[in-house]
């Protein structure tokens with residue numbers, strides 16, 4: 001089925017790739033939160049079942065179960081605050097975490113009293129404290145210290161008869177001892193992912209900065225040389241104007257030649273930066289999409305550098321931006337090959353199901369005009385869950401496009 005392109009180009013849209021990277025980080029965070037939350041809920045369930053096993057009194061099960069759910073909700077608040085501080089400044093904002101910590105203390109005291117368990121009294125406090133954003137190096141020591149203390153308290157409960165020595169009685173105790181370490185390990189993996197993502201973003205910014213510096217250096221060297229020569233020629237012409245007009249006129253002509261050389265050098269420099277071989281263009285698009293977290297399939301013809309870069313280069317860049325901004329963010333397919341009537345470039349990506357298509361934006365409108373001027377065709381279609389853009393240009397476009405670029 002054919003449809004219009006879902007490309008829009010709002011002025012406030014984030015840069016290419018930024019939305020996809022944020023989506024990937026967000027998904028990983030929800031995996032982390034769900035893992036910690038499941039562990040805590042399972043622990044509350046195990047302790048509640050142990051309370052139900054005590055005959056004759058349902059109050060203990062009610063306190064442990066309902067109080068556990070309230071404590072569980074307070075830890076979700078701590079996790080949300082942990083993520084917020086991770087993107088801001090390190091440290092602990094005690095004013096925001098005071099209530100969740102008080103809930104942990106209250107639940108520990110109430111649950112420990114009704115079940116006569118020191119381990120249950122200490123476990124919620126230890127878990128909540130370890131979910132705070134401790135400085136580097138401090139959390140590891142806190143985990144080791146907390147685990148040792150929980151083990152000692154569990155042994156003390158067993159010694160005074162509060163915990164059965166048999167295996168069923170030790171199941172809640174075992175989970176209570178291990179849950180702080182398991183939760184911290186999940187948060188540690190999240191921290192590693194954020195650090196890697198920031199390093200990747202910093203590397204991209206550094207590469208862009210280095211490229212701008214290289215361009216600035218080339219422009220400075222080119223223009224600085226020509227402007228210095230022109231200044232000397234004009235100064236010499238000014239001095240010769242009264243004593244030797246012909247020589248002065250010759251210097252003015254030389255200055256004009258230097259101006260033409262500077263202009264041509266600037267044009268050649270700009271052409272060199274614009275004229276990226278098509279094979280490199282597709283490879284760059286593939287690497288950018290892969291860096292944004294997509295699974296990319298690329299089929300690039302061995303002689304792709306012979307394809308008309310002036311016509312297809314903007315197509316590759318625009319469609320790559322389109323995939324990053326409006327695709328579902330899971331997969332993409334790039335294909336550049338020779339066909340009977342010239343060259344064909346096709347890009348396909350998955351789309352968000354259930355989202356209505358948008359009108360064609362200015363990006364693909366510009367691509368359509370450029371391809372039309374080059375004598376090619378642009379086809380936009382949707383097949384099942386894929387959005388596909390296909391562009392075909394004739395081989396004769398090489399000379400035409402180069403003439404237009406000048």
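Among the residues of region 304-320, are any outside any helix (DSSP H, G or I) and more than 24 Å from residue 365 (Cβ to Cβ)? No: zero hits. Scanning region 329-341 for residues that are out of contact with any helix residue (DSSP H, G or I) (no Cβ under 7 Å at 6 or more places or on another chain) and part of a strand (DSSP E or B) turns up 331, 333, 335, 337, 338, 339. Of the residues making up region 295-313, just one is in contact with a helix residue (DSSP H, G or I) (Cβ under 7 Å, 6 or more places away or on another chain) and more than 24 Å from residue 394 (Cα to Cα), namely 296. Here the condition is being assigned by TED's automatic domain parsing to the domain that holds residue 116, at pLDDT below 80 and loosely packed, with under 15 Cβ neighbours inside 10 Å; of 54, 66, it holds for 54 alone.
Scanning region 286-299 for residues that are within 20 Å of residue 391 (Cα to Cα) and buried (at least 21 other Cβ atoms within 10 Å of the Cβ) yields one hit, 289.
Of all the residues in region 121-142, those that are part of a helix (DSSP H, G or I) and under 21 Å from residue 107 (Cβ atoms) number 11.
Say whether the condition of being part of a helix (DSSP H, G or I) and in contact (Cβ under 8 Å) with a residue 12 or more places away in the chain is met by at least one residue in region 205-212.
Quick first cut of region 205-212, residues part of a helix (DSSP H, G or I) only: 205-212.
From what is left, the residues that are in contact (Cβ under 8 Å) with a residue 12 or more places away in the chain are none.
No - not one qualifying residue is present in region 205-212.
Within the option set 202, 275, being loosely packed, with under 11 Cβ neighbours inside 10 Å, under 31 Å from the mean Cα position of the chain (by Cα) and modelled with pLDDT under 80 holds for one residue only, 202.
The rows are residues; the columns are (1) under 30 Å from residue 64 (Cβ atoms); (2) assigned by TED's automatic domain parsing to the domain that holds residue 108.
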| residue | (1), (2) |
| --- | --- |
| 173 | yes, yes |
| 186 | yes, yes |
| 196 | no, yes |
| 212 | no, no |
| 215 | no, no |
| 219 | no, no |
| 222 | no, no |
| 225 | no, no |
| 231 | no, no |
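The values are calculated or read from the model by the stated rules, or taken from the named source; none is laboratory data. For clarity, every value in this text was computed on a predicted model and none was experimentally measured. Because the Cβ atoms are built from the backbone with ideal geometry, glycine has one as well, and the counts that use them run over all protein chains shown.
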